[in-house]
Structure formats: structure tokens, C-alpha cells
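Input: a single structure, listed below in C-alpha cells.
The values are calculated or read from the model by the stated rules, or taken from the named source; none is laboratory data. Not measured: the values here are computed from a predicted model. Ideal geometry is used to build each Cβ from the backbone, glycine not excepted, and the neighbour counts take in all protein chains shown.
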Amino acid sequence: MLYQNQWRLPNQQNAYDLRQDFLDETDWENLVRWQKILTPFRELCVQEEGRAQEAGREGQYGTLQSAIGGMNFMYDVLKNAQKEVNKDSNDPEQIELTEYYNSGINAAWLKLEKYFALTDRSPLYVAAIVLHPGRRFEYFEEKWEKHPSWIKKARESFKNLFHSYCNNVSIADSIDELEIQPKEPKSAYQAYNEVSLNYLDRKRRKQKGKGRESLDLDIYSKSFDRRLIGMKDPLTWWRQHEGDYPILARMAYDIFSIPGMSTEVERIFSAAKKLVTDERNCLGPEIVEACECQRHWLKADLIE
């Protein structure tokens, strides 16, 4: 406004008159209204492109679980915005303005529906939400309550992915991973008095042929605990329960390692550019990868 008040038409031939582009009071009101509609979109993007590396928040945001959740959120924002716009649709003086806002909201809706449809190409988006202990299938049952066919499709998608993991990942491998952790030395009596790991391995192999994995999935799906709704780091929960659900835990480790946005990947490329300089242009890809991994581990206090 200050610039507009101080601007004067230049004393030049064919000088462009900026006064025809000045924003009036109505223009500023429209901008404020659009800002109100778009602010939640900006807040969502800023949060999801951030780094969740603080202790206890490693899996809180920025992972694949945010994809469908973010689009559900944007869908509700657009729906509420359209309701707010259309409440004045019966006012003859507001008809043109209402059509103006509806055209913008509908354009955003079409773009959102396009990317929503793309999530059907991979079951990982659904799986990322189901494998969050504080969401599971209950999330879809609430958010998609008016779309039962979507819920059914999500269940089938996750079950197909789960069974593909059952065929490719043996339960014995998952048990072996649990035994890698160092243990205190035991006396012969202590070792004898415990349940044999070999016995548990044989038992699980027998149960595998009887649909043990499907039973684990049913138990996990039906054991929702409302105390986990506010959980910040789902990976901590899976580390504590990987012995109960070995296949699901393997899925969680794989899927929660996938970033929801490419922002962090771009950061890594930028950092690698500083590593590979004119003086260090002979570094091989394995060395660059090792250096970048070590840099991230050091920043996350995973190593000293």
C-alpha cells in the first residue's frame, strides 16, 4: 500500500501505468481468503519435508505413512473451504465471487484426486498406515467411513502384501535376528532351565504350514490399543514386539525407512556434491555412500 501511494507515473513516452495493476480492497480480501485456504497445505508440506531425527520422534513424520494421511487432510480442508464459499451462493452480489473460488477449489480437488489414484499402484501407502500401532485399520474405518469399498480394497491390498512377505521372508530369519544381540553368559543350569530356541524354531516352522502368519495378522488387527494413538515413534513399538509379529515387524522396518517426500534425498545429493570436489573426483560410489551414511549416523548420535 505504501508503494502504491508513493508511486508516480514516469515522465517517459509510452511509460507503463502501474495504477491499473494496483490491488484494491477487494483484491486484498481475496488474497486473505486464499491464504486462509492454503495455509494448512503449507504447514503440512513444511512438516513432512522436515527431519524427524530427535530421540523418540524418528518415525513421527516424513515417512510414507504421511502420504495418504496428508491427502485425507487436504481433502477435508478443500471440502470445508467449499462449504464456506458456497454459504453465500444465494446472494446475487456474491455469485461471481463464489464461482471464482469454486473454480480454484475444484482445480485443486482434481489434482488431489489424481495423486490419490496413484497411491493405488502400490500397497505400501496403505501398509504404512496399517503398520502404525496407533492407527491400523481403524484409521481407514474412521476416515473412509463413507467409502466402504475403499476400506475393503485397502484390506485386500495389505493382506496381499503381507502374504508376499510370508513367502519371501522366513520366520527363522526373523528369529535369528533377535539372537544377534549380546547376552550375559549363563551357567549350564540356567541354559538348561530355559526353553530351547531350537524348539521354538521347530515349533514356528510347523505353525507356518498351519497359517501361523495369518493368525498373527488377525491378532495384530484386532488388538488395537487406544493408548497408542499418540505414539510418536512406531519403530520403538515394533522393536519391542518383533518377537510377537516377526513378519509384520520386517514389513514395518522396510516401509518406515521410505521417505514420504524427496526432500531428504535432495539434501543428501547436495551434501554429496560437497564431498566429491575437484580434488576428490576419484572417489568411488561405495566410498561416497559410506561417507554419507557415517555422516548421518554421527548427526543422529547412532555412533561415536
## Note on the structure
Those residues of the stretch 107-138 that are surrounded by fewer than 21 Cβ atoms within 10 Å (Cβ to Cβ), under 29 Å from Thr236 (Cα atoms) and of a type in the set (Ser, Thr, Tyr) come to a total of 2
### Query
Is it fair to say Ile180 is at pLDDT 65 or above and closer than 24 Å to Asp233 by Cβ?
no
### Single residue of the stretch 118-169 satisfying the filter (more than 17 Å from Gln65 (Cα to Cα) and of a type in the set (Asp, Glu)) that is modelled with the highest pLDDT
Glu156
### Task
Check whether at least one residue in the stretch 11-29 is assigned to a helix (DSSP H, G or I), of a type in the set (Lys, Arg) and either crowded, with 17+ Cβ neighbours inside 10 Å or modelled with pLDDT under 80 (or both), and report yes or no.
yes
### Task
Tell me which residues, restricted to the stretch 243-279, are more than 18 Å from the chain's Cα centre (by Cα) and either part of a loop (DSSP other than H, G, I, E, B) or β-branched (Val, Ile, Thr) (or both).
Gly243, Asp244, Tyr245, Ile247, Ile268, Val276, Thr277, Asp278, Glu279
### From the options Ala67, Ala107, Ala117, residue that is assigned to a helix (DSSP H, G or I) and closer than 23 Å to Thr26 by Cα
Ala107
### Summary
Filtering the stretch 149-166 down to residues that are surrounded by 14 or more Cβ atoms within 10 Å (Cβ to Cβ) and of a type in the set (Lys, Arg) yields Lys153, Arg155, Lys159
### Task
Can you tell me which residue within the stretch 58-81, out of those that are at pLDDT 85 or above and polar (S, T, N, Q), is farthest from Lys143 (Cα to Cα)?
Asn80
